Amino acid sequence: MSRLDSMLRRLTAQRDGLNWAAEQISGQPGDVLDMGLGNGRTYDHLREILAARRIWVMDRVLQCHPDSTPPTENFLQGEAEPMLQKLAAEGRRIALAHYDFGRGIKHEDVAEAALLSPLIARVMQPGGLLISGQPLVGFNQIKGPETIAPDRYLFYTA
């Protein structure tokens, strides 16, 4: 599979997974958390499909497309550990989290996801959904939408 085909497969899975998750959390309390802003495409999609929810966004730096910049009060800039600790200390409850941290070095990305998993668990609403390109630890893995290959994106409940 070419890198272009792989990227298209990943982005399609991401969109389909987010749309599916938005339907699943309908009527449940809690905010949304996008971990890894990057260019802002995922955040832009989340604010379109979950316009009534507060969407927290975290990343080391703010370098997204200008049209996809989150409001200052919802952007948590810095390393993930202190940002997740801040959300937990404020009593924030997350109904849907999207985990998209990583630099593309698989063993490092998997290790980081495992390290951050307990901190993510502290902010999740019981029964909340997590969508991730990396394996997370300590959550109940579930089957996502039929349109997504099981190895492409991972789905969990808190």
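Here, each number is a calculation from the coordinates, and none is a lab measurement. The model shown is predicted, which means the values in this text are computed figures rather than measured ones. Counting neighbours? That spans all protein chains shown, and the Cβs are built from the backbone with ideal geometry, glycine included.
Listing for the model above:
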{"item": "Nearest-0.05 FRET efficiency for Ile142 and Ser2, computed from C-beta distance (R0 25 Å)", "result": "0.25"}
{"item": "Ratio Rg/Rh, restricted to segment 38-112 and using Cα atoms, in which Rh is the Kirkwood radius", "result": "0.95"}
{"item": "Linear extension gain, Thr157 paired with Ala51, 0.36 nm per residue minus alpha-carbon span", "result": "36.0 nm"}
{"item": "Arg60-Val110 pseudo-label distance in nm [points 7 Å out on the Cα-to-Cβ vector]", "result": "2.1"}
{"item": "Protection-proxy order for peptides 145-156, 23-34, each taking the mean of Cβ atoms within 10 Å per residue, highest first", "result": "23-34, 145-156"}
{"item": "Packing-based ranking, highest mean first, of 56-65, 2-11 given that Cβ atoms within 10 Å are counted", "result": "56-65, 2-11"}
{"item": "Volume in Å³ per residue [convex hull over Cα atoms, computed for the chain]", "result": "112"}
{"item": "Within-13-Å neighbourhood charge of Gly128 [Cβ basis; K, R +1; D, E -1]", "result": "+3"}
{"item": "Summed side-chain charge close to Arg41 - residues other than Arg41 whose Cβ falls under 12 Å, Lys, Arg +1, Asp, Glu -1", "result": "-2"}
{"item": "Charge tally in the Cβ shell below 11 Å around Gly30, where Lys, Arg are +1 and Asp, Glu are -1, Gly30 excluded", "result": "+3"}
{"item": "Kyte-Doolittle at least -0.5, axis length at least 20 Å by Cα - qualifying DSSP helices, the chain", "result": "106-123"}
